[in-house]
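Below is one structure; the comments refer to it alone.
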Amino acid sequence: MKILFAALALSAAGGACALEIHLPPETATYKASELPGYQLVQRNCMTCHAAQYASSQPPASPRAYWEATVKKMKKPFGAQFDDADVPAMVDYLVKTYGVERGAAVPAAAAKPVAAAVPAASGKDVKTLLAANGCMACHALDQKVVGPGFAEVAARYKGKDGVAAVAANIRSGGTGKWGPVPMPPFSQLSAADAAALAKYVLNR
């Protein structure tokens, strides 16, 4: 009871103050692998939470545990990835962070994976947007997880921003538009990243 009175007295004396919290930039990444699920996890999971989420799970977690976890992210949490991607994502997670860790391919042997968009793919921009899940975090004219394309275009208006935006797409980052990190899309060719950048800057 004394603690309650003391808290009320402090509140009355000083009033309520807004607390501003600044989070450090995201530096953790998923462990590199040649497993197809690596690129899928990198692309789909870091839009909503840090890579530490996977590394903090029990190391003896079986495949069924990881499958339930991935499916939970889609429903009910609403993660935007295809049902067809689930097996590959689960395979990567259980072999990298779960009970099947010995079956994972060493990162040093990592090669470009089939899930990546091929270099100089020749695909149109809408196909690239869909293949890389861009619209899961962005909209044309409003903020979703990341900024709307119109907001990006406004920031780079009057500048030769294609190279800068393309570099941001391929390298990802955090702090440019808020605390939520953008995962890197390093699997994109320079030409495809430039095509996406031009599309964004023309909104």
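Summary table below
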{"quantity": "Complete set of residues in the range 126-145 that are touching a Lys or Arg at 6+ places or on another chain (Cβ under 8 Å) and touching a residue at least 24 places away in the same chain (Cβ under 8 Å)", "calculated": "Asn132, Gly133, Leu140, Asp141"}
{"quantity": "Residues of the range 132-143 satisfying the condition of being under 20 Å from Val41 (Cα atoms) and open to solvent by 40 Å² or more (accessible area, probe 1.4 Å)", "calculated": "Met135"}
{"quantity": "Every pair of residues 6+ apart whose Cβ atoms lie under 7 Å, when the first sits in the range 146-159 and is small (Gly, Ala, Ser) and modelled with pLDDT of 85 or more while the second is in a helix (DSSP H, G or I) and surrounded by 19 or more Cβ atoms within 10 Å (Cβ to Cβ)", "calculated": "Ala153/Val200; Ala153/Leu201"}
{"quantity": "Pair list, Cβ under 7 Å, 6 or more apart: the range 189-203 residue hydroxyl-bearing (Ser, Thr, Tyr), other residue in a helix (DSSP H, G or I)", "calculated": "Tyr199/Val125"}
{"quantity": "In the range 174-203, residue farthest from Thr29 (Cα to Cα) [restricted to those that are exposed (fewer than 14 other Cβ atoms within 10 Å of the Cβ) and under 14 Å from the mean Cα position of the chain (by Cα)]", "calculated": "Gly178"}
{"quantity": "Filter result for Val99 (under 17 Å from the mean Cα position of the chain (by Cα), modelled with pLDDT under 90 and either under 19 Å from Gly133 (Cα atoms) or open to solvent by 30 Å² or more (accessible area, probe 1.4 Å) (or both))", "calculated": "no"}
{"quantity": "Matching residues in the range 152-173 - criterion: being in a helix (DSSP H, G or I) and surrounded by 17 or more Cβ atoms within 10 Å (Cβ to Cβ)", "calculated": "Val152, Ala153, Val162, Val165, Ala166, Asn168, Ile169, Arg170"}
{"quantity": "Residues of the range 1-48 classified as closer than 24 Å to Lys176 by Cβ, open to solvent by less than 50 Å² (accessible area, probe 1.4 Å) and at pLDDT below 80, total", "calculated": "3"}
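The values are calculated or read from the model by the stated rules, or taken from the named source; none is laboratory data. Note that the coordinates shown come from a computational prediction; the quantities given were computed from them, not determined experimentally. FYI the Cβ positions are ideal-geometry reconstructions off the backbone, even for glycines, and counts take in every protein chain you see. Ligands, DNA and RNA are stripped out before the accessible areas are found, and what is left, the full protein with its side chains, is counted by its heavy atoms. Shrake-Rupley method; radii C 1.70, N 1.55, O 1.52, S 1.80 Å.
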